[in-house]
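The values are calculated or read from the model by the stated rules, or taken from the named source; none is laboratory data. Remember, predicted model here, so these are calculated numbers, not experimental data. Cβ: placed from backbone, ideal geometry, glycine included. Neighbour counts: every protein chain shown. Remember, those area values only see protein heavy atoms, side chains included, never the ligands or the DNA or RNA. Shrake-Rupley method; radii C 1.70, N 1.55, O 1.52, S 1.80 Å.
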Amino acid sequence: MPSESETNVITCNSKRLCDLDEYSLEHVFLFLNVADLDRCVLVCKKFQHIIQRFVYPRKCMHALVTGSGQGVALSQYAFTRRKRMKLDENWRYGRYEEKAYFFHNVMYISQLAIDREWVYMTHRGRLQAHRRTKNRQMVETKYSWAIGTARDSDVTSLVKRNDVFFMGRMDGKIMIIDHPEDKPYLQTITNDIIKAVDFHSDVYAVTTKNESTYILNRSPLETSLLSADDDLALLQHTFVFPLAYETIKLNNTQLAAGKFHCSRKQALQLIDLPSCTMIQLNSPSMAVYDLLWMDEHCILSGNFDTTMRLVDTRTGNDEACWTDPYDASVYCLSYNGTYAVHCGMKYHHRVNLYDIRVPKQCVQMYFPSKKQQYSPVYRIATDCSQMFLVTDHNLRILNFDADWAAIKDYASI
């Protein structure tokens, strides 16, 4: 007869995984990938309940790319939580299908914006809308509607919020479109080339290549009631700041601005709108090519010195810094609202994926499959399953809802 101690050992050794409590099982399942979870779901109803009810929701909350409500809102599909986790793995491991559209021989930088149904692109002076599709083409090559003509002055900057389009042009004019069916409103702001524009609520900002930065307030009049020949302008000048910038971004009370070049390494600045004063930030950047507001107090900047920096405006200092492993400048940024930042780089159509929770580390790099040109990525837009890239000569779309595609993992090289 076995002793009492031997009986306890036998009982402990014979305990199975399914005998664990729900909390312990949930903790174990959180370490598994989607393929392993799919196998566990088939074991028993208890595993199925825990995985579907607790594990997938919790994993989605911490997902790098697909956990963002902003990215999900821009997607055409209502993905399940399991599918969102599978997509997140595809983003991390570099599994995607690539398409290239709208090739043009003459080098031209298009402006880009997306929403759930449309891809908006500029072709010289024309804004055109291409419908997104749910087939493998991903977008219709023929535009559904267009505003302006290719012979108009080139569009140099485009911002879309809700249904409102705000554009700056090379001839110093801005264009506002409240709705695609409305007639566009043109207003001359300057004689210089407009470099960047932005707006927030009724406050509009315009910066030029060589002269100044303009802060304007929008009147409550409808654009359909005004024309460029009217004495009453839609945008009224509030303040003119005597410095020109490469990029600008507005929030509620401040304008973040980046210079194209500053030998003192003070290219990132902040303009307080209520007091109209300039605040110098302590981020050591010689040139800032793109920036965006991560939240009310934090700025992400893409810089000439091959870095992306997270700057806290309350302290004025860098809180985190990511350096490109190939020493390429950061040309453009896209932030999904939670953890993922995509950076368009200077060389080889390359995009870097960073996790703001993990400083100094690149999660993944995406290279084109056919290296016919070596263009920078000038504009970038993403949702939870697709990435749109503007290069010198075309638009590239990477579709990560492609489980059949080969893995192109460049994270460890």
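Given a 1.4 Å probe and heavy atoms of the protein chains only, how would you sort D192, D36, largest accessible area at the top? Intermediate results must be reported in sequence, preceding the final value.
On the way: D192 15, D36 55 Å².
Per-residue accessible area, sorted high to low, gives D36, D192.
What are the residues whose amide H is under 5 Å from the amide H of T238, where those residues sit 5 or more places off or on another chain and H is modelled from the backbone?
I215, L216, N217
Search the structure for amide H atoms under 5 Å from the amide H of S157, placed 1.01 Å from N in the peptide plane, and list their residues when 5 or more places away or on another chain.
Distant-sequence amide H within range of S157: G168.
Can you list residues from other chains, or at least 5 along the same chain, whose modelled amide H is less than 5 Å from the amide H of Q364?
L353
Would you mind working out the accessible area per residue for the chain, using a 1.4 Å probe, and quoting it in Å²? Could you put the intermediate results ahead of the total?
Working: 19590 Å² over 413 residues.
Normalised by residue count, the accessible surface of the chain is 47 Å².
Tell me, what HN-Hα J-couplings in whole Hz come from the Karplus equation 6.51 cos²θ - 1.76 cosθ + 1.60 at θ = phi - 60° for each residue of region 353-369, using x for Gly and Pro?
3J(HN,Hα) across region 353-369, in whole Hz: 10, 10, 10, 5, 7, 10, x, 6, 9, 8, 6, 7, 10, 10, 9, x, 6.
Averaging sequence separations of C-alpha pairs under 8 Å and six or more residues apart, then dividing by the length of region 261-413, give the relative contact order as a whole percent. Could the numbers behind the result be given before it?
Values: 353 pairs, mean separation 19.9, N = 153.
Rounded, it is 13 percent for region 261-413.
If packing is taken as the average count of other Cβ atoms within 10 Å, what order do 277-287, 114-124 fall into, highest mean first?
Packing order, densest peptide first, comes out as 114-124, 277-287.
Using the Karplus equation 6.51 cos²θ - 1.76 cosθ + 1.60 (θ = phi - 60°), what ³J(HN,Hα) coupling, rounded to whole Hz, does each residue of region 260-273 give in order, writing x for Gly and Pro?
Each residue of region 260-273 in turn: 6, 7, 8, 5, 8, 6, 10, 6, 9, 10, 9, 10, 7, 5 Hz.
Going down the list K45/K86; K142/K183; K99/K195; K142/K173; K99/K346, which pairs span over 24 Å between their C-alpha atoms? It would help to have the intermediate numbers written out before the result.
On the way: K45/K86 22 Å; K142/K183 22 Å; K99/K195 29 Å; K142/K173 28 Å; K99/K346 20 Å.
Among K45/K86; K142/K183; K99/K195; K142/K173; K99/K346, the Cα-Cα distance tops 24 Å for K99/K195; K142/K173.
Sort 73-81, 250-258, 360-368 by the packing proxy (mean of other Cβ within 10 Å over each peptide's residues), most packed first.
Values: 73-81: 15.1, 250-258: 20.7, 360-368: 17.7.
With the highest mean Cβ count within 10 Å placed first, the list reads 250-258, 360-368, 73-81.
At 20 °C and 1.002 mPa s, grab the translational diffusion coefficient of region 110-208 from Stokes-Einstein with a Kirkwood Rh over Cα pairs, rounded to a whole number in µm² per second.
On the way: Rh = 13.8 Å.
It comes out at roughly 155 µm²/s.
What FRET efficiency would be calculated for the residue pair C262, E181, taking the C-beta separation as r and a Förster radius of 51 Å, to the nearest 0.05?
Values: r = 43 Å, r/R0 = 0.85.
Computed FRET efficiency for C262 and E181: 0.75.
Please sort 207-215, 389-397, 15-23 by packing, taking for each peptide the average over its residues of neighbouring beta carbons within 10 angstrom, highest first.
Working: 207-215: 18.9, 389-397: 21.2, 15-23: 9.9.
Result, highest mean Cβ count within 10 Å first: 389-397, 207-215, 15-23.
Excluding residues on the same chain fewer than 8 positions from K46, give the aspartates and glutamates whose Cα lies under 12 Å from its Cα.
Hits, sequence-local ones excluded: D19, D21, E22, E26.
Give, in nm to one decimal, the length gained when the segment between W404 and T188 is fully stretched (0.36 nm per residue of separation minus the Cα-Cα distance). Before the final figure, lay out the partial values.
Details: separation 216, 0.36 × 216 = 77.76 nm, distance 5.11 nm.
Residue separation times 0.36 nm, minus the Cα-Cα distance, leaves 72.7 nm.
With only Lys, Arg, Asp and Glu charged, each at its Cβ (+1 for the first two, -1 for the last two), find how big the charge dipole of the chain is about the Cα centre; round to the nearest 20 debye. Write down the numbers at each step before the final one.
Details: 48 positive and 47 negative charges, 243 e Å.
That gives a dipole near 1160 debye.
Treat each spin label as a single point 7 Å out from the Cα along the C-beta direction, and report the S369 to Y108 distance in nm.
2.7 nm
I need the fraction of alpha carbon pairs in region 77-156 separated by more than 23 Å, rounded to a whole percent. If you can, show how the numbers build up before the last one.
Numbers: 1125 of 3160 pairs.
Beyond 23 Å sits 36 percent of the P(r) for region 77-156.
Considering the Cα trace of region 250-341, what is its radius of gyration and what is Dmax, both in angstroms?
Every Cα atom of region 250-341 included, Rg and Dmax give 12.4, 41 Å.
Would you mind classifying region 330-413 by shape? Square roots of the alpha carbon gyration tensor eigenvalues, ordered a ≥ b ≥ c; an a/c under 1.5 is rounded, otherwise it is prolate if a/b is larger than b/c and oblate if not. Present the calculation step by step, with values, prior to reporting the outcome.
Working: a/c = 1.37, a/b = 1.21, b/c = 1.13.
It is rounded, given that a/c, with a ≥ b ≥ c, falls under 1.5.
Relative to the compact-globule scaling 2.2 N^0.38 Å, provide the ratio for the alpha-carbon radius of gyration of the chain.
It is 1.15.
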